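Asks: Before I ask anything, let me first share the structure, which is written out below as structure tokens.
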Amino acid sequence: MFSVSPLPGVFTLIVAMLATAPTAQADTNPHEKLKEHVRDIVQKVKAAPTAAKKRAILDEKLRGMIKALNRAEQMANLSSQDQNGIDALRTRLQEKLDELHGQNGYDAVPAGQLNSFADYVQQDFEQANTITISVTSALLILLLIILLV
């Protein structure tokens, strides 16, 4: 007997759901949905009752986004432009993770500044328009983030 990973089936289901989504949602591109996802993370951080929970949310979500980027690389035959964009985005996310925990030459973000740090992560992500990732690859990344984070 063999086992089949549920990911391809789930992926197909999500693609089908997105393809049949109402027009208002269909007008939103994956790049904007990724930004929306980051805004949601910031809101969760700000709503968390303790600094430890805020830090845990940031850690989990940043690591999850890095994991989604890694998965997207494994699942798709990426153009060199998409590969460069994913590499740049992963580097930015890893730097934020290092800064959060005070690793690789960064000082750890103090407990009282986690809300501001979450805003900084959001601002940096939204200004990442110089990072070029095709709509197809961005959609794959978005779907993986939804599944993994």
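Computed from the coordinates by the stated procedures, all read-outs in this text should not be read as laboratory data. Please read all numbers here as calculations on a predicted model, not as lab measurements. Cβ atoms come from the backbone with ideal geometry, glycine included; neighbour counts cover every protein chain shown.
Asks: Can you pull out the chymotrypsin sites (Phe, Trp or Tyr not before Pro) in the range 80-127 that DSSP calls coil and that have at most 11 other Cβ atoms within 10 Å?
Replies: none
Asks: Output ³J(HN,Hα) for the range 106-119: one whole-Hz value per residue in order, computed from phi by the Karplus curve 6.51 cos²θ - 1.76 cosθ + 1.60 with θ = phi - 60°, and x for Gly and Pro.
Replies: Listing the rounded values in order: 9, 8, 5, 5, x, 3, x, 10, 5, 5, 5, 5, 4, 4 Hz.
Asks: Using unit Cβ charges (K, R positive; D, E negative) and no other charged atoms, how large, in debye to the nearest 20, is the dipole of the range 29-148 about its Cα centre?
Replies: Dipole of the range 29-148, to the nearest 20 debye: 420 debye.
Asks: Could you work out the local net charge near Gln83, counting Lys and Arg as +1, Asp and Glu as -1, over the other residues with Cβ closer than 12 Å to its Cβ?
Replies: Charge balance in the 12 Å sphere: -2.
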